[in-house]
Amino acid sequence: MVAAPGELMLLDDAASLASAAADRFCAWLGAAIESRGEAHVALTGGSSAGALYTALRAPERRAALDWRRLHLWWGDERFVPLDHRESNAGLAIRILFESGLDEQIDHSGALPIPSANVHPVPCEEAIAHDREPAWAAERYAEMLRTSVPHTAEGLPALDLILLGLGTDGHILSAFPGSAALAADAPAVLAVPAPTEVAPHLARITLATRVLGGAGRILVMVPGPAKAEVVARVLHGDSGGSPPPACQALLPSATWLLDRDSASSLG
């Protein structure tokens with residue numbers, strides 16, 4: 001029997017997908033804040049993330065969540081400075097905060113998340129001190145350990161993890177054959193630059209086993225380029241190892257597709 005996500009939703013187009021993702025983001029994290037007084041989300045990168053961040057700035061969503069109680073983390077990051085065009089954290093900061101975290105600047109329309117609640121992977125610090133990606137991974141694991149609730153297995157229990165899907169079936173920076181897919185992988189680890197998927201940069205990523213401890217998982221997959229891999233994941237891949245994204249077929253996961261990305265499902 002092929003595994004399935006807890007919810008699979010088909011939207012008309014990428015804009016509708018971003019809107020649905022933003023509504024769920026606010027509802028789920030709002031419930032966590034109401035329950036515990038704070039919430040922790042791991043963000044992602046890519047075009048679907050950018051569309052989501054823009055949708056979150058709509059007035060009705062700004063009013064729907066106590067943003068001051070939200071903590072931003074990242075599920076994976078490229079080993080580049082924050083101002084690099086390939087930085088996942090840099091993308092979020094440019095859109096959510098209108099290019100800055102300086103609380104002395106009036107960023108009209110920016111989300112009111114305190115700068116102390118924004119926790120990028122410390123790639124910039126590592127690069128500045130001529131340290132390796134493994135150092136940034138260890139440092140980030142410690143940051144999560146001291147600031148985020150944990151499961152009985154010692155894994156970070158994030159309230160929500162956002163995911164995209166690569167054309168090779170990867171999620172986070174867990175590529176096919178990656179150590180990040182192992183059942184005993186550390187919660188955070190450095191992975192080499194992928195050779196098959198751009199950008200060809202070293203990464204720091206959460207291990208896929210962290211997904212099991214998340215309150216919610218939201219997988220956003222718009223566009224025709226993802227149609228084939230969506231079918232492989234959701235229908236079952238009969239040849240070779242399952243795509244890494246199969247590890248996000250969990251009861252806590254919602255998969256949002258548009259008509260293009262779902263076009264090969266039949």
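The values are calculated or read from the model by the stated rules, or taken from the named source; none is laboratory data. In this text, all values refer to a predicted model and were calculated from it rather than measured experimentally. Cβ placement follows ideal geometry from the backbone for every residue including glycine, while neighbour counts extend to all protein chains displayed.
Assorted remarks:
- Segment 46-80: number of residues that are touching a Cys at 6+ places or on another chain (Cβ under 7 Å) and not hydrophobic (A, V, I, L, M, F, W, C): 2
- The combined condition, being farther than 16 Å from residue 155 by Cβ, at pLDDT 95 or above, crowded, with 20+ Cβ neighbours inside 10 Å and of a type outside the set (Phe, Trp, Tyr), is not fulfilled by residue 206.
- Residue 37 being on the phi > 0 side of the Ramachandran plot, out of contact with any Asp or Glu (no Cβ under 7 Å at 6 or more places or on another chain) and surrounded by 14 or more Cβ atoms within 10 Å (Cβ to Cβ): no
- Residue list for segment 115-137, restricted to those being surrounded by fewer than 19 Cβ atoms within 10 Å (Cβ to Cβ) and either more than 16 Å from residue 43 (Cα to Cα) or without any contact (Cβ under 8 Å) to a residue 24 or more places away in the chain (or both): 115, 116, 125, 127, 128, 129, 130, 131, 132, 134, 135
- Condition broken by residue 34, with the remaining ones in (1) outside any loop (DSSP other than H, G, I, E, B); (2) in contact with a helix residue (DSSP H, G or I) (Cβ under 8 Å, 6 or more places away or on another chain) satisfied: (2)
- The residues in segment 152-172 that are within 13 Å of residue 48 (Cβ to Cβ) and touching a strand residue (DSSP E or B) at 6+ places or on another chain (Cβ under 7 Å) can be counted, and the count is 5.
- Flag for residue 42 being closer than 30 Å to residue 262 by Cβ, at pLDDT 95 or above, in contact with a Gly (Cβ under 7 Å, 6 or more places away or on another chain) and not aromatic (Phe, Trp, Tyr): yes
- Just one residue in the set 216, 259 is basic (Lys, Arg) and surrounded by 17 or more Cβ atoms within 10 Å (Cβ to Cβ); that residue is 216.
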